Amino acid sequence: MPAQDWVLHVDLDQFIAAVELARRPELRGRPVVVGGEGDPGRRAVVATASYEAREFGVHSGMPMKLAAKKCPDAVFLPTDRAAYEEASEEVMEVLRSLPVVVEVVGWDEAFLGARTDDPEGLATQVREAVLDGTGLSSSVGIGDNKLRAKTATGFAKPAGVFRLTADNWAEVMAGRSTDALWGIGSRTSKKLAEMGLRTVADLARADPDVLAERFGPKMGPYFWLLANGAGDTEVSDTPYVPRSRSREVTFQEDLTDPAELAEQVRQLARHVAQDVVDEDRPAARVGVKIRYAPFITKTRSLTLPAPTDAAEEIERAALEVLAGLDLDQPVRLLGVRAEFVADGAGR
């Protein structure tokens, strides 16, 4: 076949667990759960679980205590952010050594842009290079745009290669639930089902105007585009620039005293303010995340009068947001986020 442009999506298999297993090879084959301080008796959520632990129903985002109930024989390990960042950078350096454009999109994933007449051969070369260079296993999705490449990776896992293009999109995706689409979660999928749109094919045949009335003028038509497999084809190696910095804390016992909640927000805001200073980019918005004891999470934010990196202004804004939240319920988690001014603005 003639050479043409392709998008590949590389996703490291059980990345965090794999990094831990590389350091502790004696744990291979055992259920391993990583999260918090590694103590399932303390409040924290699962960062990742090995495939053996996933067989017991353990998954990322699950409370560690629940993970321990589902898989009491699991080995629980604390998170080690520095180790994961180091391993991620090693993988990205391997990818950059290949004849591709590398767009990093997370610790454990990247889009690759390449012109080739053998995308499967290139994908296999990518997998082998990552394994040889870092010891980590990966899966590669091949697509004619980012959406299809990202979706294809799900079919490639674990440790495989899968191609998903306009030619086989309907065959592979039509009968699947709408939450199989990248960007549609369970809540949106439920709302779509209430409209009679249960499958990707249903959504692809829907009227974009009707979707716009239900989900808004941007998101409604966007969901329709997703169902039809539309997506961006450009892969850029421009370095990723974070849009925000945040800090959060999970309390071992629920907090109920508004004064104590305010003090916790002050401390988080000071840490975030220092992150803003270190980033050398002023904050334009400040938000607060609160999770109540029933595991209901709310987030609120406000725009600052002017972009700033002043700790007192960020703290003031965070406290103002907190004051607008319901503080009559027990609180298990608080977070503060500062959103940066877009590049080129506010200077």
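The values are calculated or read from the model by the stated rules, or taken from the named source; none is laboratory data. Because the structure is predicted, anything quoted here is derived from the model rather than measured. FYI the Cβ positions are ideal-geometry reconstructions off the backbone, even for glycines, and counts take in every protein chain you see.
Restricting attention to segment 166-181, the residues that are surrounded by 18 or more Cβ atoms within 10 Å (Cβ to Cβ) and assigned to a loop (DSSP other than H, G, I, E, B) total 1. The set of residues in segment 240-296 being assigned to a helix (DSSP H, G or I) and touching an Asp or Glu at 6+ places or on another chain (Cβ under 6 Å) consists of ARG266, ALA269, VAL276, VAL277.
Hey, any hits in segment 309-330 for a residue that's assigned to a strand (DSSP E or B) and of a type outside the set (Phe, Trp, Tyr)? Within segment 309-330 (the criterion being assigned to a strand (DSSP E or B) and of a type outside the set (Phe, Trp, Tyr)), the answer is no, since none of the residues qualifies. In segment 201-217, is there at least one residue being under 30 Å from LYS65 (Cα atoms) and under 24 Å from the mean Cα position of the chain (by Cα)? Within segment 201-217 (the criterion being under 30 Å from LYS65 (Cα atoms) and under 24 Å from the mean Cα position of the chain (by Cα)), the answer is no, since none of the residues qualifies.
Within segment 324-347, the set of residues being within 19 Å of ALA273 (Cβ to Cβ) and at pLDDT below 95 comprises PHE340, VAL341, GLY346, ARG347. Entry remark, segment 210-234: residues being surrounded by 13 or more Cβ atoms within 10 Å (Cβ to Cβ), in contact (Cβ under 8 Å) with a residue 24 or more places away in the chain and of a type outside the set (Ser, Thr, Tyr) number 8 in total.
Residue-wise test of (1) without any contact (Cβ under 8 Å) to a residue 12 or more places away in the chain; (2) crowded, with 22+ Cβ neighbours inside 10 Å; (3) of a type outside the set (Gly, Ala, Ser).
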| position | (1), (2), (3) |
| --- | --- |
| HIS9 | no, yes, yes |
| LEU12 | no, yes, yes |
| ALA17 | no, yes, no |
| GLU26 | yes, no, yes |
| ARG30 | no, no, yes |
| ASP39 | no, no, yes |
| VAL45 | no, no, yes |
| TYR51 | no, no, yes |
| SER60 | no, no, no |
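Somewhere in segment 256-267, is a residue charged (D, E, K, R), under 21 Å from the mean Cα position of the chain (by Cα) and either surrounded by fewer than 14 Cβ atoms within 10 Å (Cβ to Cβ) or on the phi > 0 side of the Ramachandran plot (or both)? Within segment 256-267, not a single residue is charged (D, E, K, R), under 21 Å from the mean Cα position of the chain (by Cα) and either surrounded by fewer than 14 Cβ atoms within 10 Å (Cβ to Cβ) or on the phi > 0 side of the Ramachandran plot (or both).
Could you say whether any residue in segment 38-48 is within 24 Å of GLY141 (Cβ to Cβ) and either in a loop (DSSP other than H, G, I, E, B) or outside the structural domain of GLU89 (by TED's automatic domain parsing) (or both)?
Checked segment 38-48: at least one residue is within 24 Å of GLY141 (Cβ to Cβ) and either in a loop (DSSP other than H, G, I, E, B) or outside the structural domain of GLU89 (by TED's automatic domain parsing) (or both).
In this structure, PRO158 qualifies as modelled with pLDDT under 95, more than 18 Å from the chain's Cα centre (by Cα) and either more than 29 Å from ARG24 (Cβ to Cβ) or surrounded by fewer than 18 Cβ atoms within 10 Å (Cβ to Cβ) (or both). Within the option set GLU279, GLU339, GLU312, being farther than 21 Å from ARG43 by Cβ, loosely packed, with under 15 Cβ neighbours inside 10 Å and either among the charged types (D, E, K, R) or in contact (Cβ under 8 Å) with a residue 60 or more places away in the chain (or both) holds for one residue only, GLU312.
Among residues of segment 73-88 that are charged (D, E, K, R), those with a beta-carbon under 9 Å from a residue that is part of a helix (DSSP H, G or I) and crowded, with 18+ Cβ neighbours inside 10 Å at least six positions away or on a different chain give the pairs ASP80/ILE16; ASP80/VAL19; ASP80/GLU20; GLU86/VAL19. Between PRO2, PRO31, the distinction of being out of contact with any helix residue (DSSP H, G or I) (no Cβ under 9 Å at 6 or more places or on another chain), in the same structural domain as GLY106 (by TED's automatic domain parsing) and not aromatic (Phe, Trp, Tyr) belongs to PRO2 only.
If you filter segment 182-193 down to residues that are touching a residue at least 24 places away in the same chain (Cβ under 8 Å) and in a helix (DSSP H, G or I), you find that the one that is nearest to the chain's Cα centre (by Cα) is THR188.
Selection of helices (runs of 4 or more DSSP H) fully inside segment 52-157 by the criterion of at least 2 residues being among the β-branched types (Val, Ile, Thr) and not assigned by TED's automatic domain parsing to the domain that holds GLU37 returns 146-156. Taking the numbered list (1) outside any strand (DSSP E or B); (2) modelled with pLDDT of 95 or more in turn, VAL33 passes all entries but (1).
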